[in-house]
Amino acid sequence: MSLAKYFEPQKHEPQIYQRWLDSGAFVADRKSTKPVFSIAMPPPNATGTLHTGHAVTMTIEDLMVRWRRMAGDEALWLPGTDHAAIATESVVIRQLQAQGMADPRAELGRDELVRRIAAFVERSRERIREQIRALGASCDWTRERYTMDPALSRAVNGIFARMFRDGLIYRAPRIVNWDPSLQTTVSDDEIEYQDRPAKFYTLRYGPFLVATSRPETKLGDTAVAVHPGDERYRDHVGKTYEVAWPKGPTITVEVVADEAVDPETGSGVVGVTPAHSHVDFEIARRHNLPLVQVIGEDGRMTEAAGSYYAGMSVEECRRAFVAELERAGLLAKVEDYVQPVSLCYRSKQPVEPLPKMQWFVDVTKPAVPWKGKSLSLKQVMRDVVASGDIRILPEHETKTYFHWIDNLRDWCISRQIWWGHRVPVWYRGSEDLYVGHRPPPGDGWQQDPDTLDTWFSSALWTWSTLIDPQAAENPELDLDQLLERSPDFHRFHPTSVMETGYDILFFWVARMILMTTYGTGQVPFRTVYLHGLILDKDGEKMSKSKPETCVDPMDTIAEHGADTLRLALVLGNAPGKDLKLTHERLIGCKRLVNKLWNAAKLVERTAGDRDRRALVPAAVEHPVNRWLLVRTRELIERTGARFDAFAFGDAAEIVRSTFWSEYCDVYLEAIKVAPLAELEETAQTAFSVFATYLQLFHPFMPFVTEHLWSELGCDGMLIRAPWPEPNPAFDWPQDAAGVDAVARLISAVRRVRAEQGIEPGAEIEVAVRSLAHHRVIEACRPIVARLTRAAELRLEQGGELDESGAAVAVDPAFAVAVRLGAADREAERRRLEKQLERDRQRLAGVRKRLANQQFVERAAPQAVQGARDLEAELAATVESIEERLRALSA
């Protein structure tokens, strides 16, 4: 059956994916004895549709899995979704408000709101599954997981209870990042900083001058601090002062000496606001200072700020307080400066440092047994990368990772929302407290109302997804027993690679290292591959707010097919490198899909009705076939080396460029010429090498390659085919070098044609003097003649080359002289004479215009310069044509 004119991705891709599913090709066999390659898919948030960041993750992970599966590994790619606590709850609440519900929490209550969120998530998960399938992801759907699955929830509660028992989880009042718009805490790593113009105020503060960018917080100061070595304030340390703020409270502040103060900044005196600053809170702990909270969880001033300011927003209070300070003569100076404002990366709204009772993970307590020592979580996180247990790509991100680890603070893991894993702690009265993976027996217990940070549960992803669901149903088993009874965990963990964006190295990757080393005693993965951001044509992060430059993955698949999108996301990509994804890039990648399809048509015609299993090169004699087999062996070696180095963009480019320039532009053109076209070995070579290209392209373009593999009659399914192995028997260096020289010879003649302006249809006479590889050039003489449109081709070994009336090109392997044939030479002379006459007339007209003094003096300078440039161009053209006419007459 002959191939259709075009590949129709919209028709064939869903059918091919279903064939893969039905064949069980994606399912990993835990009982096999093959080497293991495993990846835990970074779970997309269960809130909507996939974007280009998801698409690049799916593409890179899929090509790794397909490659290792073909290479003989037992490959597990485990898919799943994340409940995305804050983001999902916000989406559903906004939907309910749009439907007319003013306060969904108050009107529905916790249980009903959680039920509605769960229903929304289930609908959204099905949409995400369809999109993952559309990308061609060969993941094991029989093992699909969700962070709120019972087995995963069991792991979350179990690890919390163990960390609590080990003293690594504690509850305490601390300064947290509070988002008044979302009404919850956010972690340090969920903070973005945006530079904004602001004012820097210097206040008269008792006997001191104190500078601040947030004067409204001074209403809650309980101390001023100076550096212990600052002689200017030595006599003030230990004293207390009362400061009466206009229309606000009279505060009492103690002067404390603390190393945190920089004596070179401002006056060397800082106001200490323990309730609204992480730094000031630590100063207060060291000096046993009280906390006065003047900003509430609603982002408005509290009664502690004074009745005049109470109820104002932060910005309103700042303006009012500054005005009163100025009226009272307490505002010494106001300066403009740029302030880095802390924003929640989800809501994009400012966060407030507020004191709250929260649950924390202690990252500095030496309570983790690791390599025979008792280390802190921070120390373990540093060790696994420093020792090489985990490799980070690109390597420069290792330095960034260490910087983050060295500055890591205790992790606030509680959130004041309803959707998510509820903190597994129960209280009864003021005395009893229970922590465990299931509710305690007895009456009167109330569970902690907070939920856990989403990153807490997703940090367990590489191993919680491998817990046996049936074992998790037994409440009597502890975490160690669950892992012991989970065969997938023993077979597939640690995972091989974690592939994700460099922008969540700290959000997620570092926390997986933290929780997995503690929970299992293993690293979560051996290699971290961090891809870059996907940018639009302007070099900005892809955004749907710019539809003219935004590339939507699903729209692209609908228009061009998944293979085009995947190729566009991989070609030129490298770990940590941002990639511009443009519509022009997509069109270029679609051309490669079409090129592969068109090449398959010629291969199909060449193979004819031969038994495909017999199309294996055996006794190969012709230099062109030998050349192709040598180059294919080298291609397999080069491509494999780039795959091994995780240089997938390089690997894709090597296969693409070699296929286009060698297989298509040279080989497929050569085999159209007798006698090469008629040889049995040519059909064998053309087909077998094309099949190899399908195997090499498959990880990048799985759909079109699978379809062609089937249509051309290859055995089985391509997804199950082995990765190509270089054949050492394909070793004919002289033939390969000779055909390379032939390819250069053809290019040289074509270049001469172009340089001499010879019409494409004109026949030429070619004389070649071989300086090397004469045997191969002689064998390829018909190919050279056909591909250069030579009516006559003379080939001599050594000797002198007749260069009279010819254009000559020289190469280390040959010298070639090109002449037009007699008939075409006369036609070329007539054509050049007509062109010469036209160009001489134009040149005369331009020179006449430039000789006109009025034109030169009155015309715009650009017009005069344009005329002079045209004169020079026409003069050069006339000279060139005259030279070519003299050569034709020689």
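The values are calculated or read from the model by the stated rules, or taken from the named source; none is laboratory data. This structure is a prediction, so every number in the text was calculated from the model and none was measured. Because the Cβ atoms are built from the backbone with ideal geometry, glycine has one as well, and the counts that use them run over all protein chains shown. Heads up: the accessible areas ignore ligands, DNA and RNA and are worked out on the full protein's heavy atoms, side chains in. Shrake-Rupley method; radii C 1.70, N 1.55, O 1.52, S 1.80 Å.
Roughly how many nanometres apart are two label points built 7 Å out from the Cα toward the Cβ at Val338 and Ser543?
1.8 nm
Once each part is reduced to its C-alpha centroid, what is the distance from the range 1-35 to the range 578-602 in angstrom?
That distance is 21 Å.
Which length gain, in nm to one decimal place, applies between Asp578 and Glu792 when the Cα-Cα distance is subtracted from 0.36 nm times their residue separation?
Working: separation 214, 0.36 × 214 = 77.04 nm, distance 5.27 nm.
That works out to 71.8 nm of additional length.
Give me Rg/Rg_expected for the range 541-593, where Rg uses Cα atoms only and Rg_expected = 2.2 N^0.38 Å with N residues.
1.10
With labels modelled as points extended 7 Å from the Cα through the Cβ direction, what inter-label distance (nm, one decimal) is found for Ala367 paired with Lys399?
Label-label distance for Ala367 and Lys399, simple model: 3.5 nm.
Hey, how many Å between the Cα centroid of the range 667-689 and the Cα centroid of the range 737-783?
The distance from the Cα centre of the range 667-689 to that of the range 737-783 comes to 20 Å.
Rounded to the nearest 0.05, what FRET efficiency is calculated for Ser710 and Asp811 with R0 set to 41 Å and r the Cβ-Cβ distance?
Result of the calculation: an efficiency of 0.40.
Estimate the FRET efficiency between Ala4 and Phe200 by the formula 1/(1 + (r/R0)^6), using the beta-carbon distance for r and 51 Å for R0, to the nearest 0.05. Mind showing how you got there, number by number?
Details: r = 70 Å, r/R0 = 1.37.
Step by step, r from the Cβ atoms, then E = 0.15.
Express the Stokes-Einstein translational diffusion coefficient of the range 167-264 in µm² s⁻¹, to the nearest whole number, given a Kirkwood radius over alpha-carbon pairs, 25 °C and a viscosity of 0.890 mPa s.
So the translational diffusion coefficient is about 148 µm²/s.
Determine, for each peptide in 505-515, 643-653, the mean count of other beta carbons within 10 angstrom over its residues, then list the peptides with the highest first.
Packing order, densest peptide first, comes out as 505-515, 643-653.
Considering the Cα positions of the range 17-70, please state its Rg to one decimal place and its Dmax as a whole number of Å.
Here Rg and the maximum Cα pair distance are 13.4, 39 Å.
Between the range 158-189 and the range 494-573, what is the C-alpha centre distance in whole Å?
28 Å
For the chain, how big is Rg over Rh, using alpha carbon atoms and the Kirkwood form of Rh?
Values: Rg = 37.0 Å, Rh = 33.5 Å.
Taking Rh as the inverse mean 1/r over Cα pairs, Rg/Rh reads 1.10.
Dividing the Cα convex hull volume of the range 251-346 by residue count, how many Å³ per residue is that? Walk me through the numbers before you get to the answer.
Numbers: hull volume 15.0 nm³, N = 96.
Dividing the Cα hull volume of the range 251-346 by its residues yields 156 Å³.
Any idea what the dipole of the range 90-249 comes to, in debye rounded to 20, about its Cα centre with Lys/Arg Cβ at +1 and Asp/Glu Cβ at -1? Each step should come with its number before you reach the end.
Working: 26 positive and 23 negative charges, 39 e Å.
About 180 debye.
Charges at C-beta only: +1 for Lys and Arg, -1 for Asp and Glu. How large is the resulting dipole of the range 1-126 about its Cα centre, in Debye rounded to 20? Please list the in-between numbers first.
Working: 16 positive and 16 negative charges, 64 e Å.
For this selection, approximately 300 debye.
Based solely on C-alpha atoms, express the radius of gyration and the Dmax of the range 488-618 in angstrom.
Reported Rg and Dmax, both Å: 21.2, 62.
By how many degrees, between 0 and 90 and to the nearest 10, does the Cα long axis of helix 377-386 differ from the longest principal axis of the chain?
The helix 377-386 is inclined about 20 degrees to the chain.
For a quick size check, give me the Cα extents of the range 413-518 along its three principal axes, largest first, whole Å.
Over the range 413-518, Cα extents along the principal axes are 47, 34, 21 Å.
Determine ³J(HN,Hα), in whole Hz, for all residues of the range 67-77 in sequence, where each value follows from phi through the Karplus function 6.51 cos²θ - 1.76 cosθ + 1.60 and θ = phi - 60°; x replaces Gly and Pro.
Listing the rounded values in order: 4, 5, 5, 5, 6, x, 7, 7, 9, 10, 10 Hz.
Tally up the carbon and sulfur contribution to the accessible surface of the chain as a whole percent, 1.4 Å probe, everything protein left in place.
On the way: 18970 of 38730 Å².
Using a 1.4 Å probe with all protein chains present, the chain comes out at 49 percent carbon and sulfur.
Under the rule of -39500 (n - 2.57) per DSSP H run of 4 or more residues, summed and divided by the residues of the chain, what mean residue ellipticity at 222 nm is obtained, to the nearest 500 deg cm²/dmol? Intermediate results must be reported in sequence, preceding the final value.
Numbers: 28 runs with 381 residues, N = 890.
The helix-only estimate for the chain comes to -13500 deg cm²/dmol at 222 nm.
Order the peptides 81-89, 711-719, 353-361, 856-864 from the highest to the lowest mean number of other Cβ atoms within 10 Å of their residues.
Taking the mean over residues of other Cβ atoms within 10 Å, the ranking is 81-89, 353-361, 711-719, 856-864.
In the chain, what percentage of the DSSP-assigned beta bridges are antiparallel, given to the nearest 5?
Here the antiparallel bridges make up roughly 70 percent for the chain.
Based on the Cα gyration tensor of the range 562-700, what are the three equivalent ellipsoid semi-axes, each the root of five times an eigenvalue, rounded to whole Å and given largest first? Walk me through the intermediate numbers first.
On the way: eigenvalues 177, 53, 28 Å².
Computed over the range 562-700, the values are 30, 16, 12 Å.
Using amide H atoms built in the peptide plane, which far-off residues or other-chain residues are under 5 Å from Gln349 H to H?
Placed amide hydrogens put Cys344 under 5 Å from Gln349.
Keeping to pairs on different chains or 8 or more places apart, tell me how many lysine pairs in the range 474-633 have Cα atoms under 24 Å apart.
Taking the range 474-633 as the scope, the lysine pair count is 17.
Give the angle, between 0 and 90 degrees and rounded to the nearest 10, that separates the Cα long axis of helix 314-327 from the longest principal axis of the Cα atoms of the chain.
That helix lies at roughly 60 degrees to the long axis.
Keeping every protein chain present and rolling a 1.4 Å probe, give me the accessible area per residue for the chain in Å².
Normalised by residue count, the accessible surface of the chain is 44 Å².
Using the alpha-carbon atoms, what tilt in degrees (0 to 90, nearest 10) does helix 680-697 show relative to the longest principal axis of the chain?
Rounded to the nearest ten degrees, it is 20.
How high is the FRET efficiency between Arg232 and Ala323 when r is their beta carbon distance and R₀ equals 30 Å, given to the nearest 0.05? Show your work: numbers first, answer last.
Working: r = 31 Å, r/R0 = 1.02.
After rounding to 0.05, the efficiency reads 0.45.
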